[in-house]
Amino acid sequence: MTRVEIKMARPLLVLLLLVILVMQGCLTTAKKVLPLNNRPPRIALVLGGGSSRGFAHVGVIRVLEQEKIPIDMIVGTSVGSLIGAIYAANPNSFELEWLAFELEKDDIFDFSILSSKTGPVKGNKLEKFVTEHVKIRHIEEMKIPYYAMAVDLNTGESVVLEKGPVELAVRASASIPGIFTPLNINDRILVDGGVNGSIAPETAREKGADIVIAVNIGKDITNYETGNIVQITLQAIDIMGKRIDEYKNRQADILIEPEVGNVGTMDFSKKKELMVAGIEAGQKAIPAIKAAIEKWYTTPVAQR
């Protein structure tokens, strides 16, 4: 090859090298594109405690069902475990609402002087109510995976009830200390899960939830019905729970807080108002829920 030919070939070689470098850059860039996840997100519904204010949960569930928001697991504390068990066994908001309207205080509170040493409410009525209205006997058979939160009275540890009889799980989760007689399950003395916070978004995460919707019905703890030991105990628990929930609320992707007002925790006369409050709060949350689902599909897997 003559000097002239070499001189003419040099620009072509430089151009070829530039093309190769550009192509390698494109390939490198392509490798950095992270894949999107086509798997649907696992959505958890976390239902908090709050005694009679739990009727608000019914309204929230109604909205989620109407908007076709899938619920892949339910984590319930105290009254949230009761509402959650009913729905997990039979995911039908209409039937849940119907049953809620029929529920009265005397259906779940059985006061007894004989059991007053550890709590004036025995809990037998609550167990019976669950047995009669939740047709699935064992938690493992629920149509929606279900977890009830309780607390070990001796150690203070949170206990996740995910196996065994449904009625015992609800009974333990709703055993308000000082009011209900604690329940012994597997040699552990269990009380209301609300002792460690009325909602348990952390449990939903541990069980594999990608999106956590938490319903906290303890936003307003104002209550002037404190004329007896039961009312005083309930109010004291609500006050303590609110302080814990200020931290736990931040662990949810979507927090729903129905405007329950100052409805007393033992007031079963305002079911309709509480359900409406749940409906309104649920409707307000729908855009955020849909945005979270959309974000799940558009966010690269490694960035989650």
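The values are calculated or read from the model by the stated rules, or taken from the named source; none is laboratory data. A quick note: this is a predicted structure, and the numbers were derived from the prediction, not measured. Don't worry about glycine lacking a Cβ; one is built from the backbone with ideal geometry, like all the others, and counts go over all protein chains shown. Side chains are part of the model used for accessible areas, which takes the heavy atoms of the whole protein and leaves out ligands, DNA and RNA. Shrake-Rupley method; radii C 1.70, N 1.55, O 1.52, S 1.80 Å.
Quick notes
- Output for segment 172-228, where each listed residue is among the aromatic types (F, W, Y) and crowded, with 19+ Cβ neighbours inside 10 Å: F180
- Within segment 132-171, the set of residues being open to solvent by less than 60 Å² (accessible area, probe 1.4 Å) and of a type in the set (D, E) comprises D152, E167.
- Taking segment 229-253 as the range and being more than 15 Å from the chain's Cα centre (by Cα), crowded, with 21+ Cβ neighbours inside 10 Å and not aliphatic (A, V, I, L, M) as the test, the residues that pass are D238, G241.
- Residue within segment 283-304 that is in a loop (DSSP other than H, G, I, E, B) and either within 24 Å of F101 (Cβ to Cβ) or among the aliphatic types (A, V, I, L, M) (or both) present: no
- Residue match in segment 47-54 (condition: modelled with pLDDT of 95 or more, of a type in the set (A, V, I, L, M, F, W, C) and either open to solvent by less than 70 Å² (accessible area, probe 1.4 Å) or assigned to a loop (DSSP other than H, G, I, E, B) (or both)): yes
- Odd one out for E206, checked against (1) in contact (Cβ under 8 Å) with a residue 60 or more places away in the chain; (2) within 14 Å of the chain's Cα centre (by Cα): (1)
- Pairs with Cβ under 6 Å, 6+ apart, first in segment 124-136 and closer than 21 Å to S112 by Cα, second at pLDDT below 95: N124/D110; K125/I108; K125/D110; L126/I108; F129/D107; F129/I108
- Residue count for segment 254-271, restricted to those that are over 14 Å from G50 (Cβ atoms) and either crowded, with 22+ Cβ neighbours inside 10 Å or in contact (Cβ under 8 Å) with a residue 40 or more places away in the chain (or both): 2
- Just one of (1) surrounded by 13 or more Cβ atoms within 10 Å (Cβ to Cβ); (2) out of contact with any His (no Cβ under 8 Å at 6 or more places or on another chain); (3) not hydroxyl-bearing (S, T, Y) fails for G278. It is (2).
- Residues that are under 16 Å from G197 (Cα atoms), more than 19 Å from the chain's Cα centre (by Cα) and either in a loop (DSSP other than H, G, I, E, B) or not charged (D, E, K, R) (or both) within segment 133-156 comprise L153, T155, G156, listed in sequence order.
- Within segment 287-304, the set of residues being open to solvent by 80 Å² or more (accessible area, probe 1.4 Å), modelled with pLDDT of 80 or more and closer than 14 Å to R42 by Cβ comprises just one member, Y297.
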